[in-house]
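Written below as structure tokens is the structure these notes are about.
Each reported figure results from applying straightforward, stated rules to the coordinates on display, with no laboratory input. Note that the structure is predicted; figures quoted are calculated from it, not measured. Reconstructed Cβ throughout: ideal geometry from the backbone, glycine too, with neighbour counts over all protein chains shown.
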Amino acid sequence: MELQHKEIPLEFLRRLPDGIKIVKRHGQEFMVVEQVSGPHGESLMSDAVQIHSEPSIRLGVRIGDQQGLIFVDAFWGGHAKLYSFLPQSVVANAEVDAFVPESGASLMVERGCDVEGCTCGRAIMLALPDGKSRVYVCARLGCPGHAIEIADLPEDVSQQISSINFFGAGTQDEEWVDVF
């Protein structure tokens, strides 16, 4: 799938929150999550595992009776993931339970997904450094639903940012593939 550039609202760029940065690739600007944490301030970033040449977001996950780590693309709207295990026999509409790998603290909250047709009522919540702004990711495997709530930013701007999907669910741009 080709890279799909989406315009980042100017109002968001003017008030760029801590924990989000803008990078330029292929002559275009993209948002990258630079720092997110768990409920007690635990960093969830992994410099050791990079996707698209950026640190990934490291989460502990349970899928059914399996458990392991997942490393998520930090590009906003990117959906590349690396697993420390091979999920076996995942049922349709399966959901993950995410947690801080070191402490086991839950990252799950009750929150409906905004993607049309998705009925998931839970999300993974990641905190940005200001302690008031949040990133939410749908708990349903394969759903591209994600949202951002930025303190002191109009809701319509947050909704515009939340709708950005650069790569589409489960796809990647071949020019961006990292070789490990």
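General observations
- Within straight-line cross-link reach of K21, lysines at Cα separation under 18 Å, skipping those fewer than 8 residues along the same chain: K6, K132
- Förster radius 25 Å - calculated FRET efficiency between T119 and V23, Cβ distance, rounded to 0.05: 0.15
- Taking a straight Cα-Cα cut-off under 17 Å and skipping sequence neighbours fewer than 8 places away in the same chain, the aspartates and glutamates within cross-link reach of K81 are E34, D47, E54, D73, E95, D97, D173, E174, E175, D178.
- Among I51, I22, the ranking by other beta carbons within 10 Å of each residue's beta carbon, starting with the fewest, stands as I22, I51.
- Cα centroid of region 1-57 to Cα centroid of region 84-143, whole Å: 18 Å
- Where N is the number of residues in the chain, Cα Rg divided by 2.2 N^0.38 Å: 0.98
- FRET efficiency, S106 to K132 (Cβ-Cβ, R0 22 Å, nearest 0.05): 0.65
- Put in line by how crowded their Cβ is, counting other Cβ atoms within 10 Å and starting with the fewest, R15, R25 read R15, R25.
- Value at 222 nm in deg cm²/dmol, rounded to 500, when DSSP H runs of n ≥ 4 in the chain each add -39,500 (n - 2.57): -1500 deg cm²/dmol
- Which of H146, H26 has the fewest Cβ neighbours within 10 Å, and the rest in rising order: H26, H146
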